[in-house]
1. Suppose every K and R has +1 on its Cβ and every D and E has -1 on its Cβ; what is the size of the dipole of the range 202-257 about the Cα centre, in Debye to the nearest 20?
2. Enumerate the residues in the range 56-99 having an amide nitrogen under 15 Å from the point lying 7 Å beyond the Cα of residue 130 toward its Cβ.
3. Taking 0.36 nm per residue of sequence separation and subtracting the Cα-Cα distance, how much length would be gained by fully extending the chain between residue 179 and residue 228, in nm to one decimal?
4. Just need log10 I(q)/I(0) for the range 202-257 at q = 0.28 Å⁻¹, Debye formula, equal scatterers on the alpha-carbon atoms, no solvent, rounded to two decimals.
5. Expected output is a single nm value to one decimal: the length gained when fully extending between residue 107 and residue 163, i.e. 0.36 nm times separation in residues minus the C-alpha distance. What is it?
6. Taking only protein heavy atoms into account and a 1.4 Å probe, give the accessible area per residue of the range 50-187 in Å².
7. Tell me, what % of the accessible area of the range 202-257 is carbon and sulfur with a 1.4 angstrom probe?
8. Using the Cβ atoms and a cut-off under 13 Å, what net charge is assigned to the surroundings of residue 247, where Lys and Arg are +1 and Asp and Glu are -1?
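The values are calculated or read from the model by the stated rules, or taken from the named source; none is laboratory data. From a predicted model like this one, the values you see are computed outputs, not experimental measurements. Cβ atoms come from the backbone with ideal geometry, glycine included; neighbour counts cover every protein chain shown. Areas reflect the complete protein model, heavy atoms only, side chains present, ligands, DNA and RNA absent. Shrake-Rupley method; radii C 1.70, N 1.55, O 1.52, S 1.80 Å.
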Amino acid sequence: MKPVIDEQAQRIWKVISERNGVGRVVTAVDFRLELELHRRLLSFFQVGEFYYFILNVKAFAFELVSAEVSSVLGYAPEEVDVAFIMNSIHPEDQPWFLSCEKKVGDFFSGLTLEQIPNYKVRYDYRIRKKNGEYIRVLQQVITIQFDEQGHVLRTLGTHTDISHLKRDGAPVLSFIGLNGEPSYTDVPVEKMRLPAHSLLSARERTILLLLTQGYNSEEIGKQLFISKSTVQTHRRNILHKTGCRTTPALISFAVKSGVV
């Protein structure tokens, strides 16, 4: 089953990228020049290790992920696709990611064709590295191709490790104006809610509920007619899926996020 965050993100990006007519034609030469221009532009805004990518919004796919992703996340470029990135986002930040993307779609729908390439989208969230550690990345994205109706087709983005600058707190969304356009910082977004089944299995939710009620692994096993070791395996899987390191942190997450 496709994770819920994938389905919701695809719906949001479909609205952003749908084309109602003949698109703006960009030649290969123009595209390379435009890419190089924006790549150099974005490089001035980095405050830590980063990698860059080209996203085909309509196809819901990366067309390029730079080699630097290995030093930032620990993965080779060919291991990284859009679904992989989204499902590596910390569970607590996945609703914020979707909320920010929806707000981006709303914002760009109100821009003129001249304004579209002059806005950079910026927000942050936590993402899991190959070693299981979570870091906070600053996502910065600029449009490099759009059609005559103003639908975004391709974007150039960077993910910068800003863990040394921000460890806690909710993601912050900003629209940074370039070439004289006004900027909008700390834009309010309404947090979307992901269904609980997108995160944990029915058995895992049952075990998590019993944990929040104060039962230990042995007691849970007796109630569910499974072994203590099976319960402990489920608990390890729950910790991994939620990005929590301890049981108290897990219980806090369960209460705050409404998983149980």
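1. Numbers: 9 positive and 3 negative charges, 35 e Å.
In debye, rounded to 20, the range 202-257 gives about 160.
2. 66-81, 85
3. Values: separation 49, 0.36 × 49 = 17.64 nm, distance 6.22 nm.
Length difference between fully extended and current span is 11.4 nm.
4. -1.22
5. Values: separation 56, 0.36 × 56 = 20.16 nm, distance 2.76 nm.
Length gained, residue 107 through residue 163: 17.4 nm.
6. Working: 5340 Å² over 138 residues.
Normalised by residue count, the accessible surface of the range 50-187 is 39 Å².
7. Numbers: 1740 of 3290 Å².
So the carbon and sulfur contribution to the accessible surface is 53 percent.
8. Details: positive: 235, 236, 245; negative: none.
Every neighbour counted, the sum reads +3.
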